[in-house]
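**Q** Pasting a structure below so you can have a look.
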Amino acid sequence: MIYLQLFLSFLQIGAFSFGGGYAALPLIRHQVVEANGWLQLSEFTDLITISQMTPGPIAINSATFVGTMVAGVPGAIVATLGCIVPSCMIVMTLAY
């Protein structure tokens, strides 16, 4: 059940976060802190710091971090997949 929640939450973030990583931060905060309560607000600031320090997009780094905190490595994989699936679907549709 937690894997489905992770996937759907980050699927929503991946689908509706236009404008880059900083534009996605309010969506991530809403899903992670307010809606699901996976992290406290102080942990969310750590999430932003770690996501900026590591290479890659902020949304994907955030998904990996939250997935790891909530459900370990399988959770990180599920959350990261949820974050990238919308982009992949759009690109495949446009390529077709």
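**Q** Within the bounds of the range 75-86, is there any residue that is modelled with pLDDT under 95 and open to solvent by 70 Å² or more (accessible area, probe 1.4 Å)?
**A** no
**Q** While we're looking at this one, here's another question. From the list Thr49, Thr54, Thr68, exactly one residue is at pLDDT 95 or above and of a type in the set (S, T, N, Q). Which is it?
**A** Just a single option satisfies the conditions, and that option is Thr68.
**Q** Take the range 39-96 and flag every residue that is touching a residue at least 12 places away in the same chain (Cβ under 8 Å) and on the phi > 0 side of the Ramachandran plot.
**A** Within the range 39-96, no residue meets the criteria.
**Q** Starting from the range 10-23, take each residue that is touching a residue at least 24 places away in the same chain (Cβ under 8 Å) and within 21 Å of Met53 (Cα to Cα) and list its partners that are open to solvent by 30 Å² or more (accessible area, probe 1.4 Å) and among the hydrophobic types (A, V, I, L, M, F, W, C), counting only C-beta distances under 7 angstrom and pairs at least six apart or across chains.
**A** That search, which allows pairs on different chains as well, returns Ile13/Leu27; Gly14/Ile84; Gly14/Val85; Ser17/Ala23; Ser17/Leu27.
**Q** Can you pull out the residues in the range 1-16 that are open to solvent by 30 Å² or more (accessible area, probe 1.4 Å) and within 11 Å of the chain's Cα centre (by Cα)?
**A** Of everything in the range 1-16, those that are open to solvent by 30 Å² or more (accessible area, probe 1.4 Å) and within 11 Å of the chain's Cα centre (by Cα) turn out to be Phe7, Leu8, Leu11, Gln12, Ala15.
The values are calculated or read from the model by the stated rules, or taken from the named source; none is laboratory data. All figures in this text were calculated on a predicted structure; none of them were measured in a lab. Note that each Cβ is placed from the backbone with ideal geometry, even for glycine, and that neighbours are counted across all protein chains shown. Surface accessibility is based on the protein's heavy atoms, side chains included, excluding ligands, DNA and RNA. Shrake-Rupley method; radii C 1.70, N 1.55, O 1.52, S 1.80 Å.
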